[in-house]
1. Could you tell me which numbered condition residue 175 fails, if it satisfies all but one of (1) under 22 Å from residue 249 (Cα atoms); (2) surrounded by 16 or more Cβ atoms within 10 Å (Cβ to Cβ); (3) under 16 Å from the mean Cα position of the chain (by Cα); (4) of a type outside the set (D, E, K, R)?
2. From the list 65, 71, pick out the single residue that is modelled with pLDDT of 95 or more, outside the structural domain of residue 247 (by TED's automatic domain parsing), over 16 Å from the mean Cα position of the chain (by Cα) and over 14 Å from residue 112 (Cα atoms).
3. Identify the residue in the stretch 74-107 that is closer than 21 Å to residue 237 by Cα and among the polar types (S, T, N, Q) and, among all such residues, is farthest from the chain's Cα centre (by Cα).
4. Please enumerate the residues belonging to the stretch 49-62 that are of a type outside the set (Gly, Ala, Ser) and in contact with a Gly (Cβ under 8 Å, 6 or more places away or on another chain).
5. List every residue pair whose Cβ atoms lie under 8 Å apart, where the two residues are 6 or more positions apart in sequence or sit on different chains, the first residue falls within the stretch 259-284 and is within 15 Å of residue 186 (Cβ to Cβ) and touching a residue at least 40 places away in the same chain (Cβ under 8 Å), and the second residue, located anywhere, is of a type in the set (Val, Ile, Thr) and surrounded by fewer than 18 Cβ atoms within 10 Å (Cβ to Cβ).
6. If you take the residues in the stretch 153-170 that are aliphatic (A, V, I, L, M) and over 13 Å from the mean Cα position of the chain (by Cα), which one is nearest to residue 113 (Cα to Cα)?
7. Within the stretch 55-73, which residues are surrounded by fewer than 20 Cβ atoms within 10 Å (Cβ to Cβ) and either free of Cβ contacts under 8 Å to residues at least 24 places away in the same chain or touching an Asp or Glu at 6+ places or on another chain (Cβ under 9 Å) (or both)?
8. Could you pull out the residue among 188, 199 that is crowded, with 16+ Cβ neighbours inside 10 Å and outside the structural domain of residue 136 (by TED's automatic domain parsing)?
Amino acid sequence: RIGFLGLGLMGSGIVSNLLKMGHTVTVWNRTAEKCDLFIQEGARLGRTPAEVVSTCDITFACVSDPKAAKDLVLGPSGVLQGIRPGKCYVDMSTVDADTVTELAQVIVSRGGRFLEAPVSGNQQLSNDGMLVILAAGDRGLYEDCSSCFQAMGKTSFFLGEVGNAAKMMLIVNMVQGSFMATIAEGLTLAQVTGQSQQTLLDILNQGQLASIFLDQKCQNILQGNFKPDFYLKYIQKDLRLAIALGDSVNHPTPMAAAANEVYKRAKALDQSDNDMSAVYRAYIH
């Protein structure tokens, strides 16, 4: 019996794939209407996070940020109230190591088992069951989740003790966010110097930088289509947390810091709920 908390861009695709693979899934979302589609597909509805955890063997969660992750566990009718010895909780949110360590401690203190398992990917990869799962914590629970992870993603990594997956996920997203800002910077520089943006993309696609990510994000910009596949506000959050991770070990992150400022500018231009590629608009205003 599987539980899932949080039906955002990533969680929705994950739940659909769990159902397709024949898992019995109980769902909960802060905005209850988002559960309706999954109920029609065969999921069960949980009234509270505590109820989901108490009635399921393994409960997964995927929410937006550290505050949401903490509120989900520690808040009224939260996860912690449903934890009993042997109950399993897998947090797939992208948060900082301190947050996930705190959550692991409170879950384990109640006799529960804990695994962190943030995912690398976007909405399309989530829908396609092609996420990359970064896990850390209870190794036995990681193995118990194998059939679920096979439904969600194309591969998974076990990274050791709690906190390691959070750190690695932030580093991955730091690289991705910085690259996205550089793509936007290059396209705008091409425009203002009288060069064809399409030709720039064609050249990049024939070189060593060629990738699905590069092509998709450039196409978003060239078409002016910023429908969210990965919210801009969340990549900025991840950059902020990655910079803080660097600060914690006195390691410089000047490239990420520069990119972070551009995303903050984009947020000030009301681009938070658009795709991360909307960082382009920070360069043209």
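1. Among (1) under 22 Å from residue 249 (Cα atoms); (2) surrounded by 16 or more Cβ atoms within 10 Å (Cβ to Cβ); (3) under 16 Å from the mean Cα position of the chain (by Cα); (4) of a type outside the set (D, E, K, R), residue 175 violates only (2).
2. So the residue among 65, 71 that is modelled with pLDDT of 95 or more, outside the structural domain of residue 247 (by TED's automatic domain parsing), over 16 Å from the mean Cα position of the chain (by Cα) and over 14 Å from residue 112 (Cα atoms) is 71.
3. Among residues in the stretch 74-107 that are closer than 21 Å to residue 237 by Cα and among the polar types (S, T, N, Q), the one farthest from the chain's Cα centre (by Cα) is 101.
4. 49, 51, 52, 53, 55, 56, 58, 59, 60, 62
5. Listed by first residue and then by second, the contacts come to 259/182; 280/188; 283/188; 284/188.
6. 162
7. 57, 67, 70, 71 - these are the residues of the stretch 55-73 that are surrounded by fewer than 20 Cβ atoms within 10 Å (Cβ to Cβ) and either free of Cβ contacts under 8 Å to residues at least 24 places away in the same chain or touching an Asp or Glu at 6+ places or on another chain (Cβ under 9 Å) (or both).
8. Numbers: 199 fails: crowded, with 16+ Cβ neighbours inside 10 Å.
When all the criteria are applied, what remains is 188.
The values are calculated or read from the model by the stated rules, or taken from the named source; none is laboratory data. None of the values given here were measured: they were computed from a predicted structure. When we count neighbours, we look across all protein chains shown, and the Cβ atoms used for this are built from the backbone with ideal geometry, even at glycine.
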